[in-house]
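One structure is given here, and the rest of the page talks about it.
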Amino acid sequence: MSGHGGGRRKKHEEHEEHENHERWLVSYADMVTLLMVLFVVMFAMSQVDEKKYAQLKDGLAAGFGSSDSLLSGSQSILDQAGSSTVQAISPQVNTDDMTPEQQQAVADAVQQAQALQNQRSWDEATAEAERLERVRKDLLGALDARGLAGDVTTSYDHRGLVVSLVSRHVVFQANLASLSARGQQVVDAIAPVLARLEDDLQVDGHTNQVPVKPKYYDTDWDLAAARAITVLRRLNEYWKIPADRLRAGSFGAMRPLLDPADPESQEVNKRVDIVVLSSLPSEVRDLMDDVVTEREVQERRAREDRREDGREDEDRRPVRRDGDAEQENDEDRAAAAAPEQEED
């Protein structure tokens, strides 16, 4: 056979691939790299920039209205931590695979737990309302001792106890933010009671609803704010109530105490409110109005029952006729004369 090269072409032999016994090193190197990155990140987090951290927590506090604390009374890491605790997430129970009896048992347990939580919130609101009621009585007692009880009205709202410095006796002069002499007496009367408390105080300024531009201020908002700050400064500078317990607000003519159609409303609506702020969670504070209303209803019923009992007592008394009275008088005279006859 003829061919090029005079020989047979050799068949190409495929070599068997050798098994790599060091493949585990790749995974190990990846793991070590990830661990190194983790420790670097942890180290970087441990070097806290206090200024940036403060900006972060202030931003979170301003952006979220709730506290980051999980339990009532626990401490928050935020300076402006909001007014309510973080709401617990209710567990979702899958009852599809349960028997009707088991499903009913789960529903009863959930309902019982909710009722227990509602009762606990109601008890907390009741205790807080009773405490604020004692504060209210102390404030009114201090005012009454100086003959100033008519210069203040009190009420409750979702924030706590509201003490309104009304202007029936000119707490503030028209167009002015300075306290009158009587207004200073009112503030000085209640300040010692407020100073003994631990609650924060919010001082809100209000104007009446007369559509006239203030003489010395650009708007009603400015005048109301100036009046609130006047009261706040007297509490802080004269009565030494700590500044971190005080805050001021302005509502202008937006929140009248009486209906503006009432002829007497313009003097009363021009006022400053001092609010004793409750520290309870918002969902508990929202119940205080209902607690106070229920207590007032119970007190009214108790007074009516006492009046009814008084009428029944009067009805039970025997009716005295004129003849009975004369007969009793004759018997009394006879009894008085009997000893005298014996002595004779």
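Here, each number is a calculation from the coordinates, and none is a lab measurement. Note that the coordinates shown come from a computational prediction; the quantities given were computed from them, not determined experimentally. Here the Cβ positions follow ideal geometry from the backbone for every residue, glycine too, while neighbour counts run over all protein chains shown.
Shown is the FRET efficiency for residue 210 and residue 297, computed with R0 = 45 Å from the Cβ-Cβ distance and rounded to the nearest 0.05: 0.75. With the radius of gyration and the Kirkwood radius both derived from the Cα set of the stretch 134-279, what is their ratio Rg to Rh? My calculation of the ratio gives 0.94. Electrostatic tally near residue 192: other residues with Cβ closer than 12 Å to its Cβ, Lys and Arg +1, Asp and Glu -1, net +1. All Cα-Cα distances of the stretch 167-225, cut into 10 Å bins from zero to the largest, leave 20, 44, 29, 8 percent in each bin in turn.
Measuring r between the beta carbons of residue 149 and residue 46 and using R0 = 45 Å, the FRET efficiency lands at 0.15.
Rounded, prolate or oblate for the stretch 91-213? Axes are the square roots of the Cα gyration tensor eigenvalues, ordered a ≥ b ≥ c, and the cut-off for rounded is a/c under 1.5. Prolate, since a/c reaches 1.5 and a/b exceeds b/c. Put in order of Cβ neighbour count within 10 Å, fewest first, the listed residues 38, 143 become 38, 143. Between amide H atoms placed 1.01 Å from N, distances below 5 Å from residue 197 occur with no residue 5 or more places distant or on a separate chain.
Computed from backbone phi with θ = phi - 60° and the Karplus coefficients 6.51, -1.76 and 1.60, the 3J(HN,Hα) list for the stretch 37-46 is 4, 4, 5, 5, 5, 4, 5, 5, 5, 6 Hz; x is used for glycine and proline.
Estimated at 0.36 nm per residue, the fully extended path between residue 127 and residue 31 surpasses their Cα-Cα distance by 28.8 nm. Listed by Cβ neighbour count within 10 Å, with the fewest neighbours leading, 25, 232 appear as 25, 232. Each residue of the stretch 191-197 is assigned a 3J(HN,Hα), and the resulting list reads 4, x, 5, 5, 5, 6, 7 Hz, derived from the Karplus form 6.51 cos²θ - 1.76 cosθ + 1.60 (θ = phi - 60°), x at Gly and Pro.
Find how many whole Å separate the alpha carbon centroid of the stretch 94-148 from the alpha carbon centroid of the stretch 219-272. Each part's Cα centre sits 32 Å from the other's.
Using the Karplus relation 6.51 cos²θ - 1.76 cosθ + 1.60 with θ = phi - 60°, the per-residue 3J(HN,Hα) values for the stretch 275-290 come to 9, 7, 7, 6, 8, 6, x, 4, 5, 7, 4, 5, 7, 4, 4, 5 Hz, with x marking Gly and Pro.
Label positions at residue 137 and residue 196, each projected 7 Å from the Cα along the C-beta direction, are separated by 1.3 nm.
Would you please classify the overall shape of the stretch 214-254 from the alpha carbon gyration tensor, given that a ≥ b ≥ c denote the square roots of the eigenvalues, rounded means a/c under 1.5, and beyond that prolate means a/b larger than b/c while oblate covers the rest? It is prolate, given that a/c is not under 1.5 and a/b is the larger ratio.
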